[in-house]
1. What pairs come out if I take residues in the range 30-44 that are within 14 Å of ALA72 (Cβ to Cβ) and surrounded by fewer than 15 Cβ atoms within 10 Å (Cβ to Cβ) and pair them with residues that are charged (D, E, K, R) and modelled with pLDDT of 90 or more whose C-beta lies under 6 Å away, six or more apart or interchain?
2. Mind listing whichever residues of the range 45-77 are surrounded by fewer than 12 Cβ atoms within 10 Å (Cβ to Cβ), over 23 Å from the mean Cα position of the chain (by Cα) and modelled with pLDDT of 90 or more?
3. Across the range 65-85, what is the number of residues that are among the small types (Gly, Ala, Ser) and outside any loop (DSSP other than H, G, I, E, B)?
4. Of the residues in the range 26-45, how many are under 18 Å from ALA63 (Cβ atoms) and part of a loop (DSSP other than H, G, I, E, B)?
5. Restrict the check to the range 138-160 and report whether at least one residue is at pLDDT 85 or above and within 14 Å of the chain's Cα centre (by Cα).
6. Give just the number: which of (1) touching a residue at least 12 places away in the same chain (Cβ under 8 Å); (2) under 19 Å from PRO29 (Cβ atoms); (3) part of a loop (DSSP other than H, G, I, E, B) does PRO62 not satisfy?
Amino acid sequence: MRKNFVRGLLALFAAVGAFVVLSLTTAKPRLTAVMQVTRPVAAGQPITSQDLGTVWIKDPVPAGMIPAPYSANGVFAQQNLSPGQTLTMSDMGRTFGGVPPGEVKVLVPVTAGESALAQPGQRVDVLGVAKMSQGQTTTTTVVPLAIHVAVLGVFTQSGGAVVTTGSNPAAPGLVALAVTPLQAQALIPYLTQSSDYWLVLDPQGAYNTVS
């Protein structure tokens, strides 16, 4: 009887020891804090610190997720964001639709010759051509409307993508520019009143040096 008791006690000690060893050798899952959306944010709107919180997830962290803490100053939502959504790099950017903060996107009608000068990423000048008639004399003045502005894209007259291959390639008719609100105010009258203007390639801001 005593031997059975001792054997049972030893078995108990062995079980407890095995449990302790297993507990010590079993690694606890490592957690990482990542950014999570706490309030709805519409696409194109700036993301603020009030729109974000943190959530802990098990490692390894999926690619693209953003470790906390993260400053969202100057960042725009690239798509609609919903509460509870884990924020990823593709959800945000420093521009929206390629438009830098503080600027707006305008579509400028162009001729085929002008559109050949404008490709996404280039810088162009938009120069207005003001004509004044006095008697039989007509004078022409070049008015700088938007200088050294970024080209965002080139489109057809209907707003579709420009296709340069095939038997019937689509002709460029519109150039999207990123301009300041002040530049947009100067451009709008020329665009809406069918006034003459030029689109000039300007990789170095050269027109600013013309006196």
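The values are calculated or read from the model by the stated rules, or taken from the named source; none is laboratory data. Source: prediction; values computed, not measured. Positions of Cβ are generated from backbone atoms using ideal geometry, with glycine treated the same way; all protein chains shown enter the neighbour counts.
1. Listed pairs, sorted by first residue: ARG39/ASP51.
2. Scanning the range 45-77 gives a single hit, TRP56.
3. Of the residues in the range 65-85, 1 are among the small types (Gly, Ala, Ser) and outside any loop (DSSP other than H, G, I, E, B).
4. 1
5. yes
6. (1) is the only condition that PRO62 fails.
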